[in-house]
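Let me begin by presenting the structure, written as structure tokens, before commenting on it.
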Amino acid sequence: MLRSLHMKLVMIMVLLILSLMMVVGAFLINSVTAFYLNDFYSQMSDVFNDPLLAHDLTTPSEGEEDGAVQLSLVLDAYAGELGVDNRNRKLYILDGGGVCRVSPDGENVRLEYTENLVFALNTGLETGESGDESNLALDYMDVAIPINRGGEDYIIYILDNKATSNDLTDQMLVLIIESLVFGLVTSILLSFLLSKTMVTPIQSLTEGAMRVAKGDFSRKIEVASQDEIGVLTDTFNDMAGQLQDTLRQVENERNKLDTLFLHMTDGVVAFSRSGRVIHSNPAAARMLRRSLGPDASYDALFGEVAALEQVLNVPDHLEWDLQVRDSYLQLLMAPFDRGRSGGGVLVVLHDVTEQRKNEEMRREFVANVSHELRTPLTNIRSYAETLTDNAGEMPPAMEKKFLGVILNESDRMTHIVQDLLTLSRFDSERDELKLARFPFGEAVKDIYNAVYMDAQKHSHTLTLDIEPDMPDILADRERVIQVMMNIVSNSIKYTPDGGHIDIYAGKRREQVWMIVDDDGIGIPEEDRPRIFERFYRVDKARSRQSGGTGLGLSIAKEIVDRHRGRLTLLSKEGPGLAIRLELNIEGPGYEKE
């Protein structure tokens with residue numbers, strides 16, 4: 001309870017009153033005592049400095065027998081002026097030897113030899129100086145005056161027991177105590193009121209601070225005064241408002257960072273200086289193909305790549321590559337809170353598997369293009385050199401045959417270049433679709449009629465099955481025909497002579513579809529995921545023999561994707577291959593529900 005500001009203020013007021021009253025009391029008591037002391041010696045000085053009295057005291061009368069008695073008789077006339085009442089203030093007369101000759105208490109009284117009395121006996125009788133020194137600490141007042149009367153030395157000694165001063169002091173002390181009690185009661189009441197006035201707004205501030213500490217910014221503290229506490233209250237309200245805004249901004253930023261951290265594609269793992277996982281995101285666990293729980297540690301995850309101490313002591317960061325099964329990860333390792341006990345290591349994981357694959361595909365693509373173009377160029381040069389070397393000597397039939405080979409190889413190069421230009425336009429998105437409505441069923445029939453003669457040359461059985469009431473679709477007819485022709489031509493090309501090729505077409509909800517099913521050489525299961533890659537061919541020797549470049553299905557897939565359609569390989573029993581084409585009736589902008 002004494003720790004409260006309210007009680008501290010009350011105690012301060014009480015101690016202040018006590019201290020003040022004690023100082024005032026001590027001052028008054030000392031002042032009264034000093035007043036009586038000064039008054040005593042002033043009174044003695046005034047009386048004994050009277051010339052008439054001095055004459056009477058020093059001049060003996062004729063025939064006197066006892067000078068001490070005569071002195072007593074003389075001083076009795078001045079008893080009132082000296083204040084001698086023989087009760088509190090008494091008069092003694094001593095001879096030069098210090099023997100009391102006259103006293104109110106009898107002849108046999110024994111006086112205490114005070115400093116003043118000793119001074120008068122030892123020094124005053126010779127010098128004529130009186131013993132009139134005293135202080136406030138003594139419980140008496142005295143004065144010793146040496147007198148030489150008719151050749152005899154005497155000491156007039158007046159002793160006051162301070163009874164009057166002590167009585168007044170006691171009364172004053174009682175008055176001071178009563179005043180002190182009254183002052184204490186009054187000060188306690190006033191201090192309670194004053195402290196209440198001061199503490200109440202401080203308590204309101206404390207309650208407000210507790211609410212703010214708990215995150216409650218809904219209520220403001222009422223400003224009850226315009227003094228310093230009122231200014232403090234108003235400032236606290238402003239501070240709470242600013243703090244609320246700041247916390248709201250921090251919370252928003254933290255939510256953004258948490259969302260970014262949780263959903264970012266790169267993995268992030270934070271380790272303490274001891275190598276324990278203190279934070280991670282789902283992407284990191286997905287990339288590392290393991291859970292990052294309490295049992296995970298730096299040594300278990302990246303200990304083979306770089307030691308923890310090595311990363312903690314690097315000036316900037318380290319970069320490493322790590323292979324996890326069939327994935328390739330790029331690691332960026334850097335220390336944080338360097339030099340602090342709470343620091344550690346931050347590891348950022350970037351999946352570069354696609355980049356590695358794309359780089360490999362780029363190298364393979366360049367090699368394939370170089371190879372595909374070099375082969376016809378080599379053939380053209382060979383046949384052209386033969387014609388040049390044997391000009392006019394070769395039979396016309398052979399020259400015509402050689403020129404036919406040169407034309408065929410030139411056409412092959414032209415097709416490769418055209419296909420590459422088409423893919424380049426698709427990659428740069430410069431080839432826009434020319435959308436228009438056309439009957440999908442009629443387009444399928446046109447494809448059937450276009451390849452029918454080619455199928456007959458290979459003794460294939462070509463069938464067509466189209467559902468009735470086929471709708472018109474919104475698409476680029478030339479590109480769609482190109483896709484259909486590519487699919488059907490591949491079936492004719494890669495189906496042994498005498499095979500069967502079936503073409504189906506129909507409608508399903510908001511889409512149309514076409515399936516080309518053959519019993520040809522088919523595609524092995526391990527090659528199916530890569531069938532739409534550029535220049536990829538299952539049987540490279542047979543593809544070149546049949547004039548294929550490995551770009552047809554890639555181009556077809558690009559066209560279908562730009563139409564927001566689907567081109568997929570279907571699972572089937574037995575030999576051969578089945579490919580399904582799906583297109584939206586309402587065009588590329590239609591989103592299927």
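The values are calculated or read from the model by the stated rules, or taken from the named source; none is laboratory data. Remember, predicted model here, so these are calculated numbers, not experimental data. For neighbour counting, all protein chains shown are included, and Cβ atoms are generated from backbone atoms with ideal geometry for every residue, glycine included. Note: accessible area is taken over every heavy atom of the protein model, side chains too, but ligands, DNA and RNA are not part of it. Shrake-Rupley method; radii C 1.70, N 1.55, O 1.52, S 1.80 Å.
Summary table
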item	result
Residue in the stretch 144-161 that is nearest to E62 (Cα to Cα), counting only those that are β-branched (V, I, T) and touching a Leu at 6+ places or on another chain (Cβ under 8 Å)	I147
Boolean, A163 is of a type in the set (A, V, I, L, M), more than 23 Å from R101 (Cα to Cα) and either under 60 Å from the mean Cα position of the chain (by Cα) or open to solvent by 70 Å² or more (accessible area, probe 1.4 Å) (or both)	no
Residue in the stretch 447-462 that is of a type in the set (S, T, Y), open to solvent by 50 Å² or more (accessible area, probe 1.4 Å), assigned to a loop (DSSP other than H, G, I, E, B) and under 23 Å from I555 (Cα atoms) present	no
Looking only at the stretch 413-434, and only at residues there that are under 60 Å from the mean Cα position of the chain (by Cα) and surrounded by 15 or more Cβ atoms within 10 Å (Cβ to Cβ), the one that is modelled with the highest pLDDT	L433
Lone unmet requirement of (1) in a loop (DSSP other than H, G, I, E, B); (2) farther than 28 Å from L57 by Cβ for I176	(1)
Residues located in the stretch 234-253, provided they are under 17 Å from the mean Cα position of the chain (by Cα) and loosely packed, with under 12 Cβ neighbours inside 10 Å	Q242, D245, T246, R248, Q249, V250, E251, N252, E253
Test: residue in the stretch 359-375 that is modelled with pLDDT of 75 or more, small (G, A, S) and either more than 30 Å from R530 (Cβ to Cβ) or open to solvent by less than 60 Å² (accessible area, probe 1.4 Å) (or both)	no
Conditions (1) small (G, A, S); (2) in a helix (DSSP H, G or I); (3) open to solvent by less than 60 Å² (accessible area, probe 1.4 Å); (4) over 16 Å from V560 (Cα atoms): number failed by A443	(4)
Residues being out of contact with any strand residue (DSSP E or B) (no Cβ under 7 Å at 6 or more places or on another chain) and exposed (fewer than 15 other Cβ atoms within 10 Å of the Cβ) - total across the stretch 463-495	3
From G25, G80, G63, residue being open to solvent by less than 60 Å² (accessible area, probe 1.4 Å) and not aliphatic (A, V, I, L, M)	G25
Residue ranges of helices (runs of 4 or more DSSP H) in the stretch 45-157 with at least 2 members farther than 30 Å from V32 by Cβ and free of Cβ contacts under 8 Å to residues at least 60 places away in the same chain	51-58, 67-76
Among residues of the stretch 216-229, those that are surrounded by fewer than 14 Cβ atoms within 10 Å (Cβ to Cβ) and either β-branched (V, I, T) or in contact (Cβ under 8 Å) with a residue 12 or more places away in the chain (or both), counted	3
Flag if S195 is open to solvent by less than 20 Å² (accessible area, probe 1.4 Å), touching a His at 6+ places or on another chain (Cβ under 6 Å) and of a type in the set (G, A, S)	yes
Pair list, Cβ < 8 Å and 6+ apart or interchain, from the stretch 575-593 residues that are more than 22 Å from V488 (Cβ to Cβ) and at pLDDT below 90 to residues that are among the acidic types (D, E) and in a loop (DSSP other than H, G, I, E, B)	Y590/E510; K592/E510
So S204, is it open to solvent by 40 Å² or more (accessible area, probe 1.4 Å), farther than 30 Å from D85 by Cα and under 35 Å from the mean Cα position of the chain (by Cα)	yes
Members of the stretch 383-416 found to be of a type in the set (V, I, T) and in contact (Cβ under 8 Å) with a residue 12 or more places away in the chain, listed by number	T386, V405, I406, I416
Considering residues of the stretch 496-531 that are in a loop (DSSP other than H, G, I, E, B) and surrounded by 14 or more Cβ atoms within 10 Å (Cβ to Cβ) only, the residue farthest from the chain's Cα centre (by Cα)	G499
Residue tally, condition over 20 Å from G576 (Cβ atoms), surrounded by fewer than 17 Cβ atoms within 10 Å (Cβ to Cβ) and either at pLDDT 85 or above or not basic (K, R) (or both), over the stretch 534-553	2
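A quick yes/no check of all residues on (1) open to solvent by 20 Å² or more (accessible area, probe 1.4 Å); (2) among the small types (G, A, S); (3) in contact with a Ser or Thr (Cβ under 7 Å, 6 or more places away or on another chain):
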{"position": "D95", "(1), (2), (3)": "yes, no, no"}
{"position": "E133", "(1), (2), (3)": "yes, no, no"}
{"position": "G150", "(1), (2), (3)": "yes, yes, no"}
{"position": "V174", "(1), (2), (3)": "yes, no, no"}
{"position": "V199", "(1), (2), (3)": "no, no, no"}
{"position": "G208", "(1), (2), (3)": "no, yes, no"}
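Conditions tested, residue by residue: (1) more than 16 Å from A443 (Cβ to Cβ); (2) among the aliphatic types (A, V, I, L, M); (3) touching a Lys or Arg at 6+ places or on another chain (Cβ under 8 Å).
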| position | (1), (2), (3) |
| --- | --- |
| K457 | yes, no, no |
| E467 | no, no, yes |
| S491 | yes, no, no |
| D497 | yes, no, no |
| I501 | yes, yes, no |
| R508 | yes, no, no |
| V512 | no, yes, no |
| E533 | yes, no, no |
